[in-house]
Each structure stands twice: as C-alpha cells, then as structure tokens.
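Read through the structure below, which is laid out as structure tokens, and then see the notes.
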Amino acid sequence: MTHPYPVLPHASDHPSQPPKAAKPGYRPEVQGLRALAVLMVASYHIWLGRVSGGVDVFLLISAFLLSLSFIRKGEAGRGLQLGHYWTHVFNRLLPAAAVVIVGTLAATVLFVPRSRWAEIFSQAWSSLLYVQNWALAADSVDYYAADHSIASPFQHFWSLSVQGQVFVLWPLLFALCAVIARLAHKRFRSVVFCVFGAVFAVSLVFSVHETYTNQAHAYFDTRTRLWEFAFGTLLALAIPYLKPVRGIRVAAGWLGLAAILSGGFILDVQGQFPGFVALWPLVAAALVIVAGQTGSRLGADRFLSWRPLVRMGDMSYALYLWHWPILVIYLAWRGRQEVGLVGGALILGLSLILAALTTRFVEKPLRAREKRGTWGRAALVMAACVAVVAVPLASGQYLLRAADDRLLAEAEINYPGARVLAPEYNGEPTGVPVRAVSSTDPDSWGRLPLACSEVPDGPTDPALSSICFSTTNTDSPERTILIIGSSHAQQWIEAVEPMARAHDYRVIALLKGGCTYGAAAAWRSEDCNRFNEAATEYALELKPDAVIAVATSAMSEEAADPVVDGLPEAARKLGEGGIDVVGVRDNPRFPFNMQVCAETNGADLCTAPLMDKQSPDFPPSEDTGGMAFLDLSDLICPEGTCRPVVGNTYVFLDDNHLTTDYAASLAEEFDRRFHQSVSW
C-alpha cells in the first residue's frame, strides 16, 4: 500500500490568516491550491495506488503561512506569544482528528478482522499524540511496510505528526532568532535567514544521505523533512523582494501548477523522497505562490481562486483525514487490494460528505467559540478531544488484552499448532476459536531478552550493534548458535530458543528487516550488503558452533524457492572457519494475507497446494558451500496443503511469515532435525 500525505488546516484557520471577508492579506489562490492538492492526493491513493508528492506542497504552505506571521511580529518588535500560538493551533487540529480517530476505531471493530485490532489500536495512540511518524519509522526498519498486505487506516497521520512537531519547534526557533537579534543588535529578518538557512542546509544534506542509505526510515523521519519547512520560511523571507512583471507571474503560475500535477507521474515519489528530488514540488508550489494574484484572465490564480475550489480548500483538512481510513477499511472489508472506478467514486463521495459534516459541525463551531474564548477554554477543548479518544481506546485495548490472556492460559491444550501432527498427540482442540495475532504486536515476532550492547562479546560494528540480541546465558554455555538475516530468520527464534534452553545453548541474533544473509549482491541495497559483510566478520570472530540462516527465497506466484543469492559463498567462508551453517528452507508465500483471508472468508477457502509454492528439487543439486539444509515444509503445509490454521493456531502471520505461536509449536521437531543436520 502507499504512504498517505497530510492536509493542513485551511488558510483561515492559521494564526497568520485573516478571515476572508475582513483582511486584505487573504490569498484565495493558496486556498485553491490546497484544495487541488488534496483532491490530487486522494485520487492518487484511491485509483492509482501511489503517492503524489502532495505532502511537500502542504508542508511548504504550512511553513510559509506560519513564518509570515512570526516574521511580522518579530520585525514589529511585538511578543511572539508562543503559548497563544500553540493553544490556537492544536485547538484547531485536535477536534477533527479526534472525530476521525473515533470513527475509524468504530469502523475497525465493525469491518476489520480482529487480528488487526491490536495494531490499529496502537497506531491510534501514536496518531493522537503526534508521534505516528516515529512509530512507522521504527516499523519500517523492523518489519518494512511492504510486508503488510493491508495498510493501517491511521498511516496518513505520520505526516500530520511531523507537522505537529514542527508547529512546536518552529516558534521556538523564531524565539531564538528574536533573542539573538536583540543581543547581537542585528535585524530580525537577517537572523531568521541565517538560522533557517542553516536548518535548510543541514536537514537537506541529512535527508539526501538517509534517503540513499535507509529510505524506508528516512521517509517518516522528522529530521529529513525539516528542510522542506525551512524552504517555506525562506520563501516567506524572500516574497517581498520577488516582484516579477505580470507576464512572468502568469507563466510562473501555470508552470508551477503543471509541475505539481505531473510530479506524481514523473517522479518516484515513494522511492526517492524526501531527498533532493522533493525540490520539484517545493519549487513548483513556490512558483504558484510567487505568481500570486496576477489580475490576468489567463493567470493560474484565476482558476485557483474559483469559488468552489476555495470552498473545497475550507474543508481540505477534514477531507484528507477521512479519505484514507475509508479507503483502507473498504479494502479490508472487501478483501481487496484495489478499487475500481465506481468503488473509488463512492469512497471519494463518502469522504466529501463526512468532511463537509466535520467542517460544518465540528471545526466551524469551535473556531467561532475560540475567537470569543480564553486560553482556559481552548485548553479544555483540547483535553476533551484527548479524552474522547483515550477512554474508548484504552477500554478497547484492555478488553482485547484480557480476552487474549484468557486464551493464552489454555494455549497448550487448545492451541497445539504443529504438535497436533505428532503421532502421539491425542488431544481434542476442535471447537475452540483460533487465537488472533497481529503483525505489529510485540509478541508476534521472535525476540531475545538482551541487547548485545549488554553483553561483553557483542559486535562493535555500528552496522550490527543496534540490531543484535542474545539470550542471558552468556557465561560458559554448552554451545553458541548465531542467527543471521531478515524477519524470515527472526521468526524461527521461537523454535530455536526452546531447543537452546533445553540444551543450555546460547543464541545470538543479527536481524535486519528485508535483508537476506549472503555474500554481497548487486540487487541488495548498500546498507544490506554492509550488514552482511559485518555479520560474516563477526561470526568469524565469535566462532559460534552453528549459524542459522534462511536458505531459499520463496515466490508468491511461482513454484520456486531458489537458494538465496550469495549464501553458498558466505557458507563456504564460514565453513572454512570451522562453523556449521544450517540453511532453513523458506516458508511458502502467497499473493494474499492468509490470516485475513481466513477471518474474512473462512479457513477452508484459503488453501494452496505446497507443490505450487516450492521448487521440485530440494535440497538443490548445485554447489551450496557445504551448508546443511533444514526443511519443515511438511509441518508448515501438512499433507501437501498450505492452510491458514493447523491445530487451532494460525500458521501464517500475513502473506509471507509464520506466526510465532506456530513457530513455537515446531520447537520439538526443529530440535530433532537441527541436531541431525549439524556435524557435532
């Protein structure tokens, strides 16, 4: 799924924006640009399945309007009134956000499979507290968004979170500028230029580097976006000096508008942003702003000032808040990955209706009251908004956790998983509901208790130190096992750890999401190749008794799981160092989420023949560097059929991972087959 973009509160909501009918500084073309951008973003999401670059336009407008207000105050020598500004802004942002969050939670309970509730509830907190971008940044490192078959209905709050954080930071920077200007006897405007110019330069360099080396994380990182806000501030500083003739302004307006509309088609927004490529939409929006009100019948501002478009701008914030959760919940409810022309039109129509209602009955009444109210009343409104979300959300999480705890208490009896396949098994787990698990639940991934920074022999290489974990028996274990690889290696921790506990083995895991272990390959990212190189060096230094890695790469649409590129070369190098390498055959993958399919359609309608998912020759006949193979496919897909549920336990977490519950139920057989494969 794509990553959504934010819509900012409309121009008349901003402290620097006057009521439309009262102040001469109002710029309807900016409001029209805002409306056009949100319609473009929604259309890209609904029908094109990609992002548009519209977020950068909104970030620029936000910073531009904010900066105009503080520059005027600073140059006039007036107090910046930071407390009033923050109260004003969040009093405008929170009510509509609270309504959408509560509505999305209600729709989640009604239409989304229960296995996703824990994830969605957790992200609701992140959205409410304006830290959703950091939650998704962490998720992108550990689990990569591409592994989720259905996006979170709160995913679009990541950019609103960035915006909220900047709404706190930017006034502080303007206050710093005011202090520096006063102490150094410098013009306020000059100091602002230096401070925000430095922010622009430092953040842009950091953004380019992070986008190149770790784009999945950089996409959500506030630090990689600060230069875009700084661009808006620098534009606000420059706007009084930019006075081109009318003909140039007319051309600039249309050129900027054309660039904004075409950027999502021309650029790889999701893959290349927020590096220097984001200058495209920023410069384009700046051209429209510099063009301003041309007074020409041929100007782009004439189109952008069209009354229906300006009115659409008035409800752009609410429209953006609503369109993404409606789209995602519709896809979850219907079990689809995309919508058609009619379905998309219905989604957009419903979004417009809810946006109009939210604007009319939530935003406008509170805006009117704020003008007559006090700080205390505004603070009360914000507290009420938080409570409206927090009370049902906390209650829902408590009830969900209590239900799961009751089921967990009887897990051994009612959820045997693969143990039901053992010849000696004689239980009767039928009739008991399967446990629902979430892909982002902390307990749904294999974990070891210690970070390697807490043990004396952990890796010192920065490429490994933060993604290395260990069991607690660090003193004189019988043997040491090192697990290296991506989430497909991580999921086997739940099978390895019971074996290690039984034999007093120590387990260390080097885990990097989306990075299979093997010698350097051109198709892997530079970051992944660096991780693998460092992992091999650490293994040769640590000298574990065995290294466990995922040996094959299963295909979701083909009967193939070829050996991972570069793994034979890595295995040969480790073998020369006296280390056994055990390659675990990858589990089958599917073109759909097995767990969601079972909850939506019933488990019997979500099966696939194992022979359609794997290569016919295994172990492979080619040179594999002396590595031993461990194949548990007969227990993952018993009797040659892959099913979502075995032994009242979900086998698959999504479309390509095992649940830790099922991996744990494989522990006894993993133990037996592992010891058959090693040389000791």
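The values are calculated or read from the model by the stated rules, or taken from the named source; none is laboratory data. Model, not experiment: these values are computed from the prediction. Cβ sites come from the backbone with ideal geometry, for glycine too, and all protein chains shown count toward neighbours. All accessible areas refer to the heavy atoms of the entire protein, side chains included, with ligands and DNA or RNA removed. Shrake-Rupley method; radii C 1.70, N 1.55, O 1.52, S 1.80 Å.
State all residues of the stretch 481-500 that are more than 14 Å from Arg447 (Cβ to Cβ) and either free of Cβ contacts under 8 Å to residues at least 60 places away in the same chain or of a type in the set (D, E, K, R) (or both); if no residue qualifies, say none. Before the answer, list the steps.
So in the stretch 481-500, the residues more than 14 Å from Arg447 (Cβ to Cβ) come out as 481-482, 484-486, 488, 499.
Within the stretch 481-500, no residue meets the criteria.
Quick one: which residue in Leu172, Leu234, Leu183 is out of contact with any helix residue (DSSP H, G or I) (no Cβ under 9 Å at 6 or more places or on another chain) and over 30 Å from Ile120 (Cβ atoms)? Working first, answer last.
On the way: Leu172 fails: out of contact with any helix residue (DSSP H, G or I) (no Cβ under 9 Å at 6 or more places or on another chain); Leu234 fails: out of contact with any helix residue (DSSP H, G or I) (no Cβ under 9 Å at 6 or more places or on another chain).
Of Leu172, Leu234, Leu183, the one residue that is out of contact with any helix residue (DSSP H, G or I) (no Cβ under 9 Å at 6 or more places or on another chain) and over 30 Å from Ile120 (Cβ atoms) is Leu183.
When residues of the stretch 656-676 are filtered for being among the small types (Gly, Ala, Ser) and touching a Phe, Trp or Tyr at 6+ places or on another chain (Cβ under 7 Å), how many remain?
Result for the stretch 656-676: 1.
What pairs can you find where one residue is in the stretch 556-578 and under 17 Å from Ser633 (Cα atoms), the other is open to solvent by 20 Å² or more (accessible area, probe 1.4 Å) and assigned to a helix (DSSP H, G or I), and their Cβ atoms are less than 8 Å apart, with a gap of 6+ or different chains?
Ala559/Met611; Ala559/Asp612
Residue pairs, Cβ under 6 Å, 6 or more apart or interchain, first in the stretch 469-480 and closer than 16 Å to Leu510 by Cα, second of a type in the set (D, E, K, R) and part of a loop (DSSP other than H, G, I, E, B). List them.
These pairs meet every condition: Thr480/Asp545.
Out of (1) in a loop (DSSP other than H, G, I, E, B); (2) at pLDDT 95 or above; (3) under 30 Å from Gly53 (Cβ atoms), the odd one out for Cys194 is which?
Of the numbered conditions (1) in a loop (DSSP other than H, G, I, E, B); (2) at pLDDT 95 or above; (3) under 30 Å from Gly53 (Cβ atoms), the odd one out for Cys194 is (1).
Tell me the residue from Leu464, Leu510 that is closer than 20 Å to Arg572 by Cβ and under 24 Å from the mean Cα position of the chain (by Cα), please. Reasoning before the result, please.
On the way: Leu464 fails: closer than 20 Å to Arg572 by Cβ.
Answer to the selection: Leu510.
Can you go through Val131, Val102, Val141 and tell me which one is closer than 30 Å to His657 by Cβ, surrounded by fewer than 21 Cβ atoms within 10 Å (Cβ to Cβ) and at pLDDT 95 or above? Break it down into steps so the answer makes sense when it comes.
On the way: Val102 fails: closer than 30 Å to His657 by Cβ; Val141 fails: at pLDDT 95 or above.
Only one candidate qualifies: Val131.
Which of the following residues is at pLDDT 90 or above and in contact with a His (Cβ under 6 Å, 6 or more places away or on another chain): Ala42, Ala97, Ala35?
Numbers: Ala97 fails: in contact with a His (Cβ under 6 Å, 6 or more places away or on another chain); Ala35 fails: in contact with a His (Cβ under 6 Å, 6 or more places away or on another chain).
Going through Ala42, Ala97, Ala35 in turn, just one is at pLDDT 90 or above and in contact with a His (Cβ under 6 Å, 6 or more places away or on another chain): Ala42.
Just checking, which of Ala500, Ala451 is at pLDDT 85 or above, under 28 Å from Ile413 (Cα atoms) and among the small types (Gly, Ala, Ser)? Steps first, answer last, please.
On the way: Ala451 fails: under 28 Å from Ile413 (Cα atoms).
Within the list Ala500, Ala451, the selection yields Ala500.
List the number of the failed condition for Thr222; all other conditions in (1) open to solvent by 40 Å² or more (accessible area, probe 1.4 Å); (2) among the polar types (S, T, N, Q); (3) under 24 Å from the mean Cα position of the chain (by Cα) hold.
(1)
Evaluate the following for Asp586: is it touching a strand residue (DSSP E or B) at 6+ places or on another chain (Cβ under 8 Å), open to solvent by less than 10 Å² (accessible area, probe 1.4 Å) and modelled with pLDDT of 95 or more?
Values: touching a strand residue (DSSP E or B) at 6+ places or on another chain (Cβ under 8 Å): yes; open to solvent by less than 10 Å² (accessible area, probe 1.4 Å): yes; modelled with pLDDT of 95 or more: yes.
Here the answer is yes, as Asp586 does meet what is asked.
Could you grab me the full set of residues in the stretch 314-336 that are of a type outside the set (A, V, I, L, M, F, W, C) and either more than 19 Å from Ser52 (Cβ to Cβ) or touching a Phe, Trp or Tyr at 6+ places or on another chain (Cβ under 8 Å) (or both)? Working first, answer last.
Going residue by residue through the stretch 314-336, those that are of a type outside the set (A, V, I, L, M, F, W, C) are 314, 316-317, 320, 323, 325, 330, 334-336.
Answer for the stretch 314-336, where residues must be of a type outside the set (A, V, I, L, M, F, W, C) and either more than 19 Å from Ser52 (Cβ to Cβ) or touching a Phe, Trp or Tyr at 6+ places or on another chain (Cβ under 8 Å) (or both): Asp314, Tyr320, Pro325, Tyr330, Arg334, Gly335, Arg336.
Taking the stretch 37-70 on its own, how many of its residues are under 19 Å from Gln163 (Cβ atoms) and part of a helix (DSSP H, G or I)?
23
If only one of Arg506, Arg501, Arg447 is closer than 18 Å to Leu540 by Cα and either charged (D, E, K, R) or open to solvent by less than 20 Å² (accessible area, probe 1.4 Å) (or both), which one is it?
Details: Arg501 fails: closer than 18 Å to Leu540 by Cα; Arg447 fails: closer than 18 Å to Leu540 by Cα.
Criteria check complete, one pass: Arg506.
Is it true that Asp604 is of a type in the set (D, E, K, R) and crowded, with 16+ Cβ neighbours inside 10 Å? Quick ask: steps written out before the conclusion?
Numbers: of a type in the set (D, E, K, R): yes; crowded, with 16+ Cβ neighbours inside 10 Å: no.
No; evaluated as a whole, the condition is false for this residue.
Conditions first: (1) open to solvent by less than 30 Å² (accessible area, probe 1.4 Å); (2) more than 28 Å from the chain's Cα centre (by Cα); (3) farther than 22 Å from Asp56 by Cα. Lys364 passes all but one, so which condition is the exception?
Lys364 satisfies every listed condition except (1).
Report, ordered by the first and then the second residue, all pairs with beta carbons closer than 9 Å, sequence separation of six or more or different chains, a first member in the stretch 359-370 that is in a helix (DSSP H, G or I), and a second member that is open to solvent by 40 Å² or more (accessible area, probe 1.4 Å) and not aromatic (Phe, Trp, Tyr).
If the second residue must be open to solvent by 40 Å² or more (accessible area, probe 1.4 Å) and not aromatic (Phe, Trp, Tyr), the pairs left are Val362/Val99; Arg369/Arg377; Glu370/Arg377.
Looking only at the stretch 209-219, which residues are more than 15 Å from the chain's Cα centre (by Cα) and either over 16 Å from Val277 (Cβ atoms) or surrounded by fewer than 18 Cβ atoms within 10 Å (Cβ to Cβ) (or both)?
His209, Tyr212, Thr213
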